[in-house]
(Lines give C-alpha, C1' and ligand atoms only; values in the text may rest on other atoms or scores of the structure.)
Protein backbone atom coordinates (compact mmCIF):
# COMPACT_ATOMS: atom_id res chain seq x y z
CA UNK A 1 0.00 0.00 0.00
CA UNK A 2 2.84 2.43 0.76
CA UNK A 3 5.08 1.33 -2.11
CA UNK A 4 3.91 4.25 -4.31
CA UNK A 5 4.23 6.79 -1.53
CA UNK A 6 6.73 9.61 -1.29
CA UNK A 7 7.06 11.08 2.19
CA UNK A 8 8.23 14.44 3.45
CA UNK A 9 8.88 14.63 7.20
CA UNK A 10 9.03 18.16 8.60
CA UNK A 11 10.27 18.06 12.18
CA UNK A 12 12.91 20.21 13.90
CA UNK A 13 14.15 17.40 16.15
CA UNK A 14 16.56 15.26 14.10
CA UNK A 15 16.13 12.19 16.31
CA UNK A 16 12.37 12.13 15.64
CA UNK A 17 12.98 12.54 11.90
CA UNK A 18 15.44 9.67 11.94
CA UNK A 19 13.07 7.46 13.94
CA UNK A 20 10.23 8.04 11.49
CA UNK A 21 12.50 7.53 8.49
CA UNK A 22 13.84 4.25 9.89
CA UNK A 23 10.30 3.08 10.67
CA UNK A 24 9.31 3.44 7.00
CA UNK A 25 12.61 2.65 5.28
CA UNK A 26 11.37 -0.74 3.99
CA UNK A 27 7.84 0.48 3.23
CA UNK A 28 8.20 3.86 1.50
CA UNK A 29 10.69 4.24 -1.35
CA UNK A 30 11.14 8.04 -1.20
CA UNK A 31 11.59 9.74 2.16
CA UNK A 32 12.94 13.27 2.57
CA UNK A 33 13.64 15.10 5.82
CA UNK A 34 13.30 18.79 6.56
CA UNK A 35 14.21 20.28 9.92
CA UNK A 36 12.59 23.63 9.13
CA UNK A 37 9.95 25.22 6.93
CA UNK A 38 12.71 26.77 4.83
CA UNK A 39 14.20 23.33 4.11
CA UNK A 40 10.75 21.94 3.33
CA UNK A 41 10.02 24.80 0.91
CA UNK A 42 13.20 23.96 -1.02
CA UNK A 43 12.38 20.24 -1.14
CA UNK A 44 8.86 20.74 -2.48
CA UNK A 45 10.27 22.80 -5.36
CA UNK A 46 12.21 19.74 -6.51
CA UNK A 47 10.05 16.79 -5.48
CA UNK A 48 6.38 15.88 -5.48
CA UNK A 49 5.17 14.18 -2.30
CA UNK A 50 2.09 12.08 -1.67
CA UNK A 51 2.31 12.44 2.12
CA UNK A 52 3.70 15.03 4.50
CA UNK A 53 4.12 14.46 8.23
CA UNK A 54 4.50 17.89 9.77
CA UNK A 55 5.12 19.08 13.30
CA UNK A 56 2.59 21.85 14.00
CA UNK A 57 5.16 23.88 15.93
CA UNK A 58 8.38 24.72 14.13
CA UNK A 59 10.93 27.30 15.28
CA UNK A 60 11.04 29.12 11.93
CA UNK A 61 7.32 29.75 11.62
CA UNK A 62 3.78 28.56 11.19
CA UNK A 63 3.41 25.56 8.84
CA UNK A 64 -0.16 26.55 7.87
CA UNK A 65 0.76 28.21 4.51
CA UNK A 66 2.94 25.23 3.55
CA UNK A 67 0.15 22.82 4.45
CA UNK A 68 -2.24 24.70 2.15
CA UNK A 69 0.34 24.66 -0.65
CA UNK A 70 0.80 20.90 -0.30
CA UNK A 71 -2.97 20.38 -0.34
CA UNK A 72 -3.11 22.20 -3.66
CA UNK A 73 -0.67 19.58 -4.93
CA UNK A 74 -3.01 16.83 -3.64
CA UNK A 75 -0.56 15.83 -0.93
CA UNK A 76 -2.02 14.19 2.13
CA UNK A 77 -1.06 15.68 5.49
CA UNK A 78 -0.54 14.04 8.87
CA UNK A 79 -0.16 16.52 11.72
CA UNK A 80 2.20 15.72 14.56
CA UNK A 81 2.66 17.50 17.87
CA UNK A 82 3.23 17.12 21.56
CA UNK A 83 0.68 19.90 22.10
CA UNK A 84 -1.90 20.65 19.43
CA UNK A 85 -3.20 23.64 21.40
CA UNK A 86 -0.04 25.62 20.54
CA UNK A 87 -1.28 26.41 17.04
CA UNK A 88 -5.06 26.83 17.18
CA UNK A 89 -5.41 27.59 13.47
CA UNK A 90 -3.88 24.23 12.61
CA UNK A 91 -5.63 22.48 15.48
CA UNK A 92 -8.97 23.40 13.88
CA UNK A 93 -8.04 21.78 10.55
CA UNK A 94 -9.68 18.41 9.77
CA UNK A 95 -6.44 16.47 9.34
CA UNK A 96 -5.40 13.18 10.84
CA UNK A 97 -2.97 13.68 13.68
CA UNK A 98 -0.61 11.85 15.95
CA UNK A 99 0.57 13.05 19.34
CA UNK A 100 4.17 12.89 20.48
CA UNK A 101 5.40 10.77 22.06
CA UNK A 102 3.90 8.08 19.85
CA UNK A 103 4.29 4.35 19.43
CA UNK A 104 5.77 3.29 16.09
CA UNK A 105 2.94 0.85 15.40
CA UNK A 106 0.41 3.66 15.94
CA UNK A 107 2.34 5.92 13.58
CA UNK A 108 2.47 3.22 10.91
CA UNK A 109 -1.27 2.63 11.24
CA UNK A 110 -2.01 6.36 11.04
CA UNK A 111 0.19 6.76 7.95
CA UNK A 112 -1.47 3.80 6.22
CA UNK A 113 -4.92 5.24 6.99
CA UNK A 114 -3.94 8.71 5.79
CA UNK A 115 -2.52 7.42 2.50
CA UNK A 116 -5.45 5.10 1.79
CA UNK A 117 -8.18 7.68 2.45
CA UNK A 118 -9.01 10.13 -0.35
CA UNK A 119 -8.68 13.83 0.33
CA UNK A 120 -12.02 15.10 1.58
CA UNK A 121 -13.99 17.74 -0.30
CA UNK A 122 -13.55 19.93 2.77
CA UNK A 123 -9.75 19.78 2.46
CA UNK A 124 -9.78 20.32 -1.29
CA UNK A 125 -12.01 23.36 -0.79
CA UNK A 126 -9.68 24.65 1.94
CA UNK A 127 -6.73 24.50 -0.46
CA UNK A 128 -8.52 26.55 -3.14
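Scanning for something within 23 Å of residue 106 (Cβ to Cβ), under 11 Å from the mean Cα position of the chain (by Cα), surrounded by 12 or more Cβ atoms within 10 Å (Cβ to Cβ) and touching a residue at least 40 places away in the same chain (Cβ under 8 Å), does region 27-36 turn up at least one residue? No; the residues of region 27-36 include none that is within 23 Å of residue 106 (Cβ to Cβ), under 11 Å from the mean Cα position of the chain (by Cα), surrounded by 12 or more Cβ atoms within 10 Å (Cβ to Cβ) and touching a residue at least 40 places away in the same chain (Cβ under 8 Å).
Among the residues of region 73-88, write down those that are at pLDDT below 90, surrounded by 11 or more Cβ atoms within 10 Å (Cβ to Cβ) and either under 13 Å from the mean Cα position of the chain (by Cα) or farther than 17 Å from residue 114 by Cβ (or both). Of everything in region 73-88, those that are at pLDDT below 90, surrounded by 11 or more Cβ atoms within 10 Å (Cβ to Cβ) and either under 13 Å from the mean Cα position of the chain (by Cα) or farther than 17 Å from residue 114 by Cβ (or both) turn out to be 82, 83, 86, 87.
To keep it simple, each residue is scored yes or no on (1) at pLDDT 95 or above; (2) part of a strand (DSSP E or B).
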| residue | (1), (2) |
| --- | --- |
| 8 | yes, yes |
| 15 | yes, no |
| 23 | yes, no |
| 38 | yes, no |
| 41 | yes, no |
| 52 | yes, yes |
| 67 | no, no |
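If the condition is being farther than 18 Å from residue 16 by Cβ and outside any helix (DSSP H, G or I), then region 96-128 contributes 117, 118, 119, 120, 128. Taking region 89-128, which residues are over 16 Å from residue 53 (Cβ atoms), free of Cβ contacts under 8 Å to residues at least 40 places away in the same chain and either within 13 Å of the chain's Cα centre (by Cα) or surrounded by 14 or more Cβ atoms within 10 Å (Cβ to Cβ) (or both)? Scanning region 89-128 gives a single hit, 91.
The values are calculated or read from the model by the stated rules, or taken from the named source; none is laboratory data. Source: prediction; values computed, not measured. Positions of Cβ are generated from backbone atoms using ideal geometry, with glycine treated the same way; all protein chains shown enter the neighbour counts.
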